[in-house]
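Trainee: The structure is given below, and queries will be raised subsequently.
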Amino acid sequence: MKDQTMYPDCTNHPCPVETTLNILSGKWKGIILYRLLGGKRRFNELKKLIPNVTRRTLTLQLRELERDKVVKRTVYAEVPPRVEYELTTIGISMSPIIRSMYDWGLNYQTEAKL
């Protein structure tokens, strides 16, 4: 049974849970955010840390996270160009969510014996 004082019926439109899920939706966004918890990363660093993502998908999901103000993209005027990605203040505030997802996934792997 839910506690009505803690989880009232959603009166916001869209519901805050929907907003959160819209930002996190995308197969790789959670892992991108997890990898950026360690600090700034260049594109190729992220690609190496997430080997199963295609370059195109990584680019698109980084763009969406940037659009949603969760990730900051910094381009340095160098030759060759250097681009770094890092979490914004809003992105850092998602740290408890990402860490909870990690903990839940680890527990699930153990319990389900994956």
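The values are calculated or read from the model by the stated rules, or taken from the named source; none is laboratory data. It should be emphasised that the depicted structure is a prediction, and the values quoted were computed from it without experimental measurement. Note: ideal-geometry Cβ built from the backbone for every residue, glycine included; neighbour counts use all protein chains shown. Protein only, heavy atoms only, side chains kept; ligands, DNA and RNA dropped before computing areas. Shrake-Rupley method; radii C 1.70, N 1.55, O 1.52, S 1.80 Å.
Trainee: Considering the values (i) 31; (ii) 43; (iii) 39, which represents percent of Cα pairs over 22 Å apart as calculated for the structure under consideration?
Mentor: Correct label is (ii).
Trainee: Of Lys72, Lys48, Lys29, which has the most accessible area and how do the rest follow, probe 1.4 Å? Spell out each step's value before the answer.
Mentor: Working: Lys72 105, Lys48 165, Lys29 0 Å².
Output order, biggest surface exposure first: Lys48, Lys72, Lys29.
Trainee: Now for a separate question. Per residue of the range 86-100, what does 6.51 cos²θ - 1.76 cosθ + 1.60 with θ = phi - 60° give for ³J(HN,Hα)? Whole Hz please, x for Gly and Pro, Karplus curve as stated.
Mentor: Per-residue couplings from phi come out as 8, 6, 7, 4, 5, x, 4, 5, 7, 3, x, 5, 5, 5, 5 Hz.
Trainee: Something else about it: Taking H as built 1.01 Å from N, whose amide H comes closer than 5 Å to the amide H of Val71, not counting residues under 5 places away?
Mentor: Close amide H contacts, sequence-distant or interchain: Glu66, Thr88.
Trainee: Which value, in debye to the nearest 20, describes the size of the charge dipole of the chain about its Cα centre when Lys and Arg Cβ atoms bear +1, Asp and Glu Cβ atoms bear -1, and nothing else is charged?
Mentor: Numbers: 19 positive and 12 negative charges, 137 e Å.
Dipole about the Cα centre, nearest 20: 660 debye.
Trainee: Under a GNM of the chain (C-alpha, springs under 10 Å), which listed residue has the highest mean-square fluctuation: Glu86, Glu45, Glu66?
Mentor: Judging by the Gaussian network model, the answer is Glu45.
Trainee: Keeping every protein chain in place, order Tyr108, Tyr85 by accessible area at 1.4 Å, biggest value first, i.e. largest first. Mind showing how you got there, number by number?
Mentor: Details: Tyr108 110, Tyr85 25 Å².
Sorted by accessible area, descending: Tyr108, Tyr85.
Trainee: Something else about it: For Asp9, what accessible surface area do you get with a 1.4 Å probe? Give it in Å², rounded to 10.
Mentor: Roughly 100 Å² of Asp9 is accessible to a 1.4 Å probe.
Trainee: In whole Hz and in residue order, list the ³J(HN,Hα) couplings for the range 22-32 that follow from phi through the Karplus curve 6.51 cos²θ - 1.76 cosθ + 1.60, θ = phi - 60°; x for Gly and Pro.
Mentor: 5, 5, 8, 5, x, 3, 9, 4, x, 6, 4
Trainee: Okay, moving on. Hey, for a label at Lys40 modelled as a point 7 Å past Cα toward Cβ, could you say which residues of the range 53-83 have their backbone N under 20 Å away?
Mentor: Label zone hits: 59, 62-63, 65-67, 69-83.
Trainee: If you roll a 1.4 Å probe over the heavy atoms of the protein chains, what accessible area per residue do you get for the chain, in Å²?
Mentor: 74
Trainee: Carbon and sulfur atoms: what percent of the 1.4 Å accessible area of the range 16-112 do they account for?
Mentor: 55
Trainee: Please list Ile92, Ile98 from largest to smallest accessible area, probe radius 1.4 Å, with all protein chains kept in place.
Mentor: Ile92, Ile98
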